[in-house]
């Protein structure tokens, strides 16, 4: 008995729905992604296998690294807009530097900085791109002019007043930074009875 041959039909798939889904996902990732902000003081952090996410607010970060001129510098950052504004207000009153309400609003949106308080207004008035290119000398940590100590004291007081809890502290140091400079920062923390703090590191695979 002869076999009946079935006619072959060309098949086509409508990709419209798949393209729509792909573009929706692409749009979602673009809108929700956070762009990496250029750092004013880039550091090559030491690697670690331990993962612990730092909070987005109520946190002070002390960055230690080499500037463009090769000198060791200290930068300071505070996470939390209201704490930043209250801290700037307290520092201005303590060291006799006047800041306007506009200065406080701009400072609340800034990232880390590394200048003496008397020069901070110049950094505040710059655009974000200009700040990263500016040659900031670092926050003074000398025995006669230890402004980092004052920033820590005032910001911790601001956190207690606003959040009713202690400000968390993190040290972000360059992997090649000399130990005496790191120890100097730790000594400042211990003078204020801060014996618990975070060390910011990069991630690496676990060793087996």
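The values are calculated or read from the model by the stated rules, or taken from the named source; none is laboratory data. In this text, all values refer to a predicted model and were calculated from it rather than measured experimentally. Note that we place each Cβ from the backbone using ideal geometry, even for glycine, and neighbour counts take in every protein chain shown.
Is the stretch 138-152 home to any residue that is outside any helix (DSSP H, G or I), on the phi > 0 side of the Ramachandran plot and crowded, with 17+ Cβ neighbours inside 10 Å? Yes, the stretch 138-152 has at least one match.
Restricting the stretch 56-100 to residues that are surrounded by 17 or more Cβ atoms within 10 Å (Cβ to Cβ), in a loop (DSSP other than H, G, I, E, B) and on the phi < 0 side of the Ramachandran plot, the residue that is farthest from the chain's Cα centre (by Cα) is 99.
What do you reckon, is residue 118 in a helix (DSSP H, G or I), loosely packed, with under 15 Cβ neighbours inside 10 Å and without any contact (Cβ under 8 Å) to a residue 24 or more places away in the chain? Answer is yes for this residue. Being at pLDDT 90 or above and at negative phi is a property that holds for residue 125. Scanning the stretch 187-201 for residues that are within 17 Å of residue 146 (Cα to Cα) and surrounded by 15 or more Cβ atoms within 10 Å (Cβ to Cβ) returns 188, 189, 194. Does residue 170 count as loosely packed, with under 13 Cβ neighbours inside 10 Å and not in a loop (DSSP other than H, G, I, E, B)? In short, no.
Only a single item in (1) over 20 Å from residue 132 (Cα atoms); (2) in contact (Cβ under 8 Å) with a residue 12 or more places away in the chain is not met by residue 75, and it is number (1). Any idea how many residues of the stretch 158-183 are at pLDDT below 85 and in contact with a helix residue (DSSP H, G or I) (Cβ under 9 Å, 6 or more places away or on another chain)? Qualifying residue count for the region: 1.
The rows are residues; the columns are (1) over 19 Å from residue 189 (Cα atoms); (2) modelled with pLDDT under 90.
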| position | (1), (2) |
| --- | --- |
| 103 | yes, no |
| 137 | yes, no |
| 144 | no, yes |
| 156 | no, no |
